1. Given the peptides 208-214, 88-94, arrange them by the average over their residues of other C-beta atoms within 10 Å, most packed first.
2. From the C-alpha coordinates alone, can you work out the Kirkwood hydrodynamic radius of region 125-260, in Å?
3. I need the semi-axes of the equivalent ellipsoid of region 1-151: take the C-alpha gyration tensor, multiply each eigenvalue by 5, square-root it, list largest first in whole angstrom.
4. Between residue 253 and residue 42, take the C-beta separation as r, use R0 = 22 Å, and let me know the FRET efficiency to the nearest 0.05.
5. Suppose every K and R has +1 on its Cβ and every D and E has -1 on its Cβ; what is the size of the dipole of the chain about the Cα centre, in Debye to the nearest 20?
6. Work out the charge dipole of region 120-260 with +1 on the Cβ of Lys and Arg and -1 on the Cβ of Asp and Glu about the Cα centre, then indicate which of 230, 176, 140 is farthest towards its positive end.
7. Arrange 41, 115 by Cβ neighbour counts within 10 Å, fewest through most, would you?
8. Would you mind ranking 248, 95, 79 by Cβ crowding within 10 Å, fewest neighbours first?
Amino acid sequence: MLAHNGLYYRITGNGYPVLLLHGFLEDETMWKEIRQSFEGFQFISIDLPGHGKSAEHPLTDDMQSIAQPVAKLIQSLGLTKYAVLGHSLGGYIGLELLKSSIPPASICLLNSHPFEDTPFRKENRLRLVELLNTKKRSFLQQAIPGLFMYPSNHDIEIRSLIDDAEKLPTEAIQHTTLAMRNRENYATTLLEEAKKANIYCVDGEDDVLIQHRALQDWCKEVNGMYLSIPDTAHMPFIETPDEVLECLETVFLDIKKRED
């Protein structure tokens, strides 16, 4: 892997640049199959600050502390036009990049959305921050299986996710949790910027973290494309990988058509 100011990333393939941004407690390895499945793109897979090999990257309790290092990497690579594919937290960062001097031309939100946390979700995140001080693994053992539609079918993958997450610095998890809690409502604050980009929304039909109707309405408002994967929740790239690849083929074909 390569590094830029403590931010680790991997570049594979050739063609139109696509940033691959993983979700909370994940890392860039989640994109391995996707990187290998599509030609004509240069994939830039990033370990976001506080995650993977970038686990020691400094963080504060706001989304900009995660997005700014990514924006600086984009500048250092000399990108002038690119797309973002972001899962969950990665989607939030993709939307944050709309504020940067080199905003993405296209953003695909995979199990992600533009809305701020609900009051209930914000309160839960505060409880999580406290819980992490004393019961880190207990939290992970409860939270990560809850992201799956059929957790009993994916014992090995879930155990690996829990083990990897447990290795992350507790403070990094806490800062990221608070950053997500404090994020703005992109659906309104970045509405005009989103209308200028090409927006794609791909979610799991049974993902309880997504307000599906609100996401559909917002996607329509920004003239985006909405795709839903049945019988899966927040981790479709593990539970229904073929369906994810099918959806992304539609997305990437549309991006390529727009950029040719």
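1. Sorting 208-214, 88-94 by mean packing, highest first, produces 88-94, 208-214.
2. 17.1
3. Semi-axes (√(5λ), whole Å): 27, 17, 15.
4. Once the sixth-power term is evaluated, E becomes 0.85.
5. For the chain, the charge dipole is close to 700 debye.
6. Positive-end residue among those listed: 176.
7. 115, 41
8. Final ranking by Cβ density, sparse to dense: 79, 248, 95.
Every read-out reported here was derived from the displayed coordinates using simple, explicitly stated rules and does not represent laboratory data. Just so you know, these numbers come straight off a predicted model, no measurement behind them. Cβ atoms come from the backbone with ideal geometry, glycine included; neighbour counts cover every protein chain shown.
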